[in-house]
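Single-structure report; data block below.
The values are calculated or read from the model by the stated rules, or taken from the named source; none is laboratory data. Owing to the predicted nature of the structure, the values given are computational and were not obtained by experimental measurement. No Cβ is skipped: glycine too gets one built from the backbone with ideal geometry, and neighbour counts run over all protein chains shown.
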Amino acid sequence: MPSVPSAIGPISPPTSGAIPILLTLGAWRHLLERIPLIYEHDYWAAVFPLGMYAVCTQSVIRVFSLPLLEPIATVFVWVALGAWALTFVGLARYALMACPSRYEVRLRRRPQ
């Protein structure tokens with residue numbers, strides 16, 4: 001069986017490096033370029049890696065018995081859950097704003 005550093009070494013830098021890149025691109029887009037933070041379907045592509053990073057970190061902890069990584073996994077579970085919740089709320093708002101309410105339809109169809 002390979003040692004722990006050689007087993008997770010090639011995997012860890014690319015996955016860990018993706019998180020700061022996602023955060024940097026988000027900050028650049030919304031803070032520097034001042035693009036408003038409204039719902040877009042592309043946000044699910046940013047939520048997915050956060051969740052997978054949390055799950056993979058938990059798997060590495062179990063397989064290699066590395067309790068040192070537990071705080072990282074715990075933080076990223078909450079970060080991924082928060083990102084998922086915010087994206088889902090954005091989706092729900094987008095869906096509700098896209099379709100007119102029944103009340104508005106009745107007002108338009110009322111005879112004059």
Inspect the range 7-20 for any residue being in a helix (DSSP H, G or I), modelled with pLDDT of 85 or more and surrounded by 14 or more Cβ atoms within 10 Å (Cβ to Cβ) and give the result as yes or no. no
Mind listing just one residue for me: the one in the range 35-50 that is over 17 Å from Arg93 (Cβ atoms) and either hydrophobic (A, V, I, L, M, F, W, C) or at pLDDT 90 or above (or both) and, of those, surrounded by the most Cβ atoms within 10 Å (Cβ to Cβ)? Leu50
Residue hits (the range 51-100; buried (at least 16 other Cβ atoms within 10 Å of the Cβ) and either small (Gly, Ala, Ser) or in contact with a Cys (Cβ under 6 Å, 6 or more places away or on another chain) (or both)) are Gly51, Ala54, Ala73, Ala80, Ala83, Gly90
